[in-house]
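Q: Before anything else, here's the structure in question.
The values are calculated or read from the model by the stated rules, or taken from the named source; none is laboratory data. Just so you know, these numbers come straight off a predicted model, no measurement behind them. As a convention, Cβ positions derive from the backbone with ideal geometry for all residues, glycine included, and neighbour counts pool all protein chains shown. Just the protein is used for accessible areas: all its heavy atoms, side chains included, with ligands, DNA and RNA removed. Shrake-Rupley method; radii C 1.70, N 1.55, O 1.52, S 1.80 Å.
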Amino acid sequence: SGKLEAQEVSPEGTVFSFTDIHIAPAEFADIAPYTIALIQLDEADVKVTARMDGPVQIGDKVALDKMEDGAYLYTKL
């Protein structure tokens with residue numbers, strides 16, 4: 001129908017891919033270096049891009065910790 005609907009999704013998932021940011025845009029320079037990950041959410045055919053609270057590897061189980069400065073912040077389980 002072309003209509004978008006809000007849907008609840010799991011706050012947990014698995015790291016699908018990641019990269020470490022060492023030279024950040026000016027608005028994020030104060031938190032560099034930091035890790036950005038692509039998270040495959042559990043129980044949904046959805047991936048989200050999120051900032052990690054520490055180092056990760058592909059396949060790590062993670063969970064949403066909080067929203068910070070407009071970004072999802074995930075932590076390893």
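Q: Give the calculated FRET efficiency between Thr75 and Ala29 to the nearest 0.05, with a Förster radius of 25 Å applied to their Cβ-Cβ distance.
A: Values: r = 23 Å, r/R0 = 0.91.
Once rounded, the FRET efficiency stands at 0.65.
Q: With a 1.4 Å probe and all protein chains left in place, how much accessible area per residue does the chain have, in Å²? Provide the component values of the computation, followed by the final result.
A: On the way: 5470 Å² over 77 residues.
Using a 1.4 Å probe on heavy atoms only, each residue of the chain averages 71 Å².
Q: Per the 1.4 Å probe, what fraction of the accessible area of the chain, in percent, lies on carbon and sulfur atoms?
A: Numbers: 2860 of 5470 Å².
Carbon and sulfur: 52 percent of the exposed surface of the chain.
Q: Report the relative contact order of the chain, percent, no decimals, based on alpha-carbon pairs under 8 angstrom and at least 6 residues apart.
A: Values: 156 pairs, mean separation 22.5, N = 77.
Reported relative contact order: 29 percent.
Q: State, to one decimal in nm, how far the label point of His22 lies from the label point of Gln7, with both points 7 Å from Cα in the Cβ direction.
A: 4.0
Q: When all alpha-carbon pairs of the chain are counted, what percent fall beyond 14 Å? Let's see the in-between values first.
A: Numbers: 1787 of 2926 pairs.
When every Cα pair of the chain is considered, 61 percent fall beyond 14 Å.
Q: Which lysines, on any chain, are close to Lys61 with Cα under 29 Å apart, when same-chain ones fewer than 8 places away are left out?
A: Hits, sequence-local ones excluded: Lys47, Lys76.
Q: Follow-up. Just to verify a number: FRET efficiency for Asp45 and Glu68, C-beta to C-beta distance, R0 = 22 Å, to 0.05?
A: Numbers: r = 26 Å, r/R0 = 1.19.
The formula returns an efficiency of 0.25 here.
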